[in-house]
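Below is one structure, written out as structure tokens; the observations come after it.
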Amino acid sequence: MQRLAKDIFSIHSTYEDSLLTLELVYTETNMVLCEFERTVRDAQNVPEWIEQYKRHLLEENNAFYYALEGFADFFEVDYKRKSANEVATLINLKIQELKDRGELSND
């Protein structure tokens, strides 16, 4: 498991039968935000793929965009064709709505 963004995100990896699975995970809740699968013929190439995935996530804050998409999916918020700020606002509104209805606690 690799740590990203000051322990907000982790990368979980599994390699089995030539299939490498990499997951971007929100550490606090262990929620999988993004999954990447790749056939890798040689186990020696796995660390290289993990590093490439990590670089991709850190470039232009991709990890945060995947996080927004993951949370938008979780809270059933439409994020398509919206800016990151719009999506964050919609997620916050949805959270407040759930709290107001007693379906979500402040814990």
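Quick notes
- Being exposed (fewer than 10 other Cβ atoms within 10 Å of the Cβ) and not aromatic (F, W, Y) is true of R41.
- In summary, C34 fulfils each of the numbered conditions (1) assigned to a strand (DSSP E or B); (2) open to solvent by 70 Å² or more (accessible area, probe 1.4 Å) with the single exception of condition (2).
- Subset of region 76-103 (residues that are hydrophobic (A, V, I, L, M, F, W, C) and either touching a Ser or Thr at 6+ places or on another chain (Cβ under 8 Å) or more than 18 Å from A63 (Cα to Cα) (or both)): V77, L90, L93, I95, L98
- Leading residue by the ranking (most open to solvent (accessible area, probe 1.4 Å)) among those in region 44-76 that are at positive phi and assigned to a helix (DSSP H, G or I): E60
- Residue check, E28 in a loop (DSSP other than H, G, I, E, B), open to solvent by 70 Å² or more (accessible area, probe 1.4 Å) and more than 13 Å from H12 (Cβ to Cβ): yes
- Residues satisfying the stated conditions in region 15-59, i.e. closer than 24 Å to F75 by Cβ and either touching a Ser or Thr at 6+ places or on another chain (Cβ under 9 Å) or among the acidic types (D, E) (or both): E23, L24, V25, Y26, T27, E28, N30, E35, F36
- Selection over region 7-22 of residues that are farther than 14 Å from L58 by Cα and open to solvent by 30 Å² or more (accessible area, probe 1.4 Å) gives a count of 8.
The rows are residues; the columns are (1) touching an Asp or Glu at 6+ places or on another chain (Cβ under 6 Å); (2) more than 24 Å from L68 (Cα to Cα); (3) β-branched (V, I, T).
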position	(1), (2), (3)
D17	no, yes, no
T21	yes, no, yes
V25	no, no, yes
M31	no, no, no
C34	no, no, no
R38	no, no, no
A43	no, yes, no
P47	no, yes, no
Q52	no, no, no
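The values are calculated or read from the model by the stated rules, or taken from the named source; none is laboratory data. This structure is a prediction, so every number in the text was calculated from the model and none was measured. As a convention, Cβ positions derive from the backbone with ideal geometry for all residues, glycine included, and neighbour counts pool all protein chains shown. Please note that ligands, DNA and RNA were not included when accessible areas were found on the heavy atoms of the full protein model with its side chains. Shrake-Rupley method; radii C 1.70, N 1.55, O 1.52, S 1.80 Å.
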